[in-house]
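So the structure is just underneath, and the comments pick up after that.
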Amino acid sequence: MSITRDEYFRLREIYANMNPNDITDAEMKEFIQYSEMLSRVPGASVLFGGDQFRQVNRMFYRIDEIEAVDRSKLVTVKSGITAIDGRLHGFIKGELTIVSGTNGSGKSTWLSQVAVEAAAQGFTSVIFSGELPAPRVKEWLMLQAAGPDHIVKDGWAFHVESGAAKRITEWMRKKIFIYNNENGTEIGRVLKALEYFALVLGVDVIVLDNLMSMNLKSMGGDKYERQAELILRLSEFAKKRNVHIFFVCHPRKAMGFLRKDDISGTADITNAADNVLIVHRVNNDFKSRTKEFFKWGDDAEMYRYSNAIEVCKNRDLGVQDAFAGTYFEECSKRFLNAAGEAKHYGWEPEKEEWNDGTPFD
Ligand SMILES: Nc1ncnc2c1ncn2[C@@H]1O[C@H](COP(=O)(O)OP(=O)(O)OP(=O)(O)O)[C@@H](O)[C@H]1O
């Protein structure tokens with residue numbers, strides 16, 4: 001098997017205009033082999049730059065063969081919530097983040113905003129939304145990219161004024177893709193599509209919303225074993241293809257103050273993740289549970305906000321039990337760092353792209 005770089009890119013261009021399911025498994029397998037041979041992503045561990053390990057044909061590395069972690073080589077995607085980005089220093093490419101929260105807490109809305117933020121940083125994302133139809137996903141992305149200055153109220157609904165909508169669409173066209181649910185949710189197809197997105201479209205961020213909407217029947221074992229196996233496969237995939245995966249996993253319980261151990265089936269799910277976040281709505285239930293659980297007083301800082309994003313696990317820096325408060329802006333569906341915060345993204349010609357590199361603490 002051999003292929004030149006030019007032939008490879010020609011093939012990639014052809015595939016970019018095809019439905020992944022029209023590419024046969026054999027063709028896809030061959031394409032993956034080409035990609036691994038020729039593409040920018042080496043098959044080796046890419047987490048800490050990908051070249052820390054000298055090639056050795058043994059089962060182990062000697063200590064002197066492993067170079068020190070060079071944090072400057074880590075590529076991170078900022079979420080735009082400064083309290084989180086400050087604590088975690090962004091979401092590392094090659095890692096997997098689980099996002100949980102009770103129904104309606106704001107998981108999908110926040111992840112849609114993360115895709116807009118990623119686009120502003122020059123990253124490409126794909127959103128798999130098993131429950132929201134593509135026009136709805138697009139509507140949220142457009143509102144979030146537009147911001148309140150470019151949104152008009154139409155009866156009870158908000159929409160982006162037409163001039164801005166045109167410019168935003170153009171700005172997002174090659175930066176955010178939405179999975180076509182007609183391809184199905186069978187896990188084999190989804191995983192094939194992910195390979196396609198990573199290798200053909202070169203995506204950096206994958207939002208998988210959500211675990212429950214995936215059809216895992218073709219995998220062996222019971223429900224929980226399948227879920228655990230899927231997380232392991234996604235974690236391997238993130239490393240191998242150097243993408244950051246945000247994976248929405250619903251909790252087992254529908255009510256109450258959600259903790260890490262309530263997420264999905266087994267602890268294997270959160271064990272395999274690099275980060276675990278929980279999105280909370282700051283409602284009366286949240287207040288009474290946090291008072292009970294953390295002994296917070298009536299004037300606790302988090303109660304000023306409308307949503308709180310909790311970091312329950314962060315493997316890299318060991319952050320846990322950290323809450324980031326945000327203000328939900330109804331018209332734009334944005335989560336704001338501070339009341340009245342106005343972000344401007346690159347589609348607004350007269351404005352500078354928002355780039356807040358300031359860590360929180
Ligand atoms: N603090 C808030 N106040 C008002 N509306 C909010 C708030 N937070 C989120 N929303 C809105 O509530 C709706 C549900 O949010 P979203 O779909 O993001 O939640 P979710 O956690 O993904 O829910 P599910 O688990 O059902 O998928 C959206 O329209 C969202 O914009």
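Compare Val207, Val114, Val319 in a GNM of the chain, Cα atoms joined below 10 Å, and give the one with the largest fluctuation.
Val319
Which chymotrypsin sites (Phe, Trp or Tyr not before Pro) in the stretch 75-158 pass both tests, a DSSP loop state and at most 14 other beta-carbon atoms within 10 Å?
In loop regions of the stretch 75-158 (DSSP not H, G, I, E or B), the sparsely surrounded chymotrypsin sites (Phe, Trp or Tyr not before Pro) are Trp156.
Can you tell me the orientation of helix 187-199 relative to the chain, as the angle in degrees between its alpha-carbon axis and the longest Cα principal axis, to the nearest 10?
80 degrees
Can you list which of the trypsin sites (Lys or Arg not before Pro) found in the stretch 301-349 are DSSP loop residues with at most 15 other C-beta atoms within 10 Å? Present the calculation step by step, with values, prior to reporting the outcome.
Details: sites: Arg304, Lys313, Arg315, Lys333, Arg334, Lys343; in loops: Arg315, Lys333, Lys343.
Here the sparse-neighbourhood loop sites are Arg315.
Would you kindly state the longest site-free stretch of the chain, with sites defined as GluC sites (Glu not before Pro) in a DSSP loop (not H, G, I, E, B) surrounded by at most 14 other Cβ atoms within 10 Å?
162-329
Report the Rg/Rh value for the chain, based on alpha-carbon coordinates and the Kirkwood definition of Rh.
A ratio of 0.97.
Fully extended, how many nm does the chain gain between Lys174 and Lys287 (0.36 nm per residue separation, minus their Cα-Cα distance)? If you can, show how the numbers build up before the last one.
Working: separation 113, 0.36 × 113 = 40.68 nm, distance 4.14 nm.
So the extension gain works out to 36.5 nm.
Ordered by residue, what ³J(HN,Hα) values in Hz, to whole numbers, does the stretch 93-99 give under the Karplus form 6.51 cos²θ - 1.76 cosθ + 1.60, where θ = phi - 60° and Gly and Pro are x?
These are the phi-based 3J(HN,Hα) values: 5, x, 10, 10, 10, 9, 10 Hz.
Sequence-distant or interchain residues sharing an amide H contact under 5 Å with Phe246, placed H: which?
Answer set, sorted by chain and number: Thr97, Ile206, Val207, Leu208.
Project the alpha carbons of the stretch 275-317 onto their principal axes and report the range along each, largest first, in whole Å.
33, 19, 15
Quick one: Karplus J couplings for the stretch 113-127, per residue in order, coefficients 6.51, -1.76, 1.60, θ = phi - 60°, nearest Hz, x for Gly and Pro?
Couplings: 5, 4, 5, 5, 4, 4, 4, 5, 8, x, 9, 10, 10, 10, 10 Hz.
Just rank Ile92, Ile187, Ile206, fewest to most, by other beta-carbon atoms within 10 angstrom.
Going from sparsest to densest Cβ surroundings: Ile187, Ile92, Ile206.
Excluding residues fewer than 8 places away in the same chain, name every one of the aspartates and glutamates whose C-alpha is closer than 19 Å to that of Lys343.
Asp85, Glu117, Glu139, Asp149, Glu161, Glu170, Glu329, Glu330, Glu352, Glu353, Asp356
If you take every DSSP beta bridge fully contained in the chain, what fraction is antiparallel? Give it as a percent rounded to 5.
50 percent
Read-outs throughout are calculated quantities, based only on the coordinates presented, and are distinct from any laboratory measurement. Since the structure is predicted, the reported quantities are computational estimates derived from the model, not experimental observations. Cβ sites come from the backbone with ideal geometry, for glycine too, and all protein chains shown count toward neighbours.
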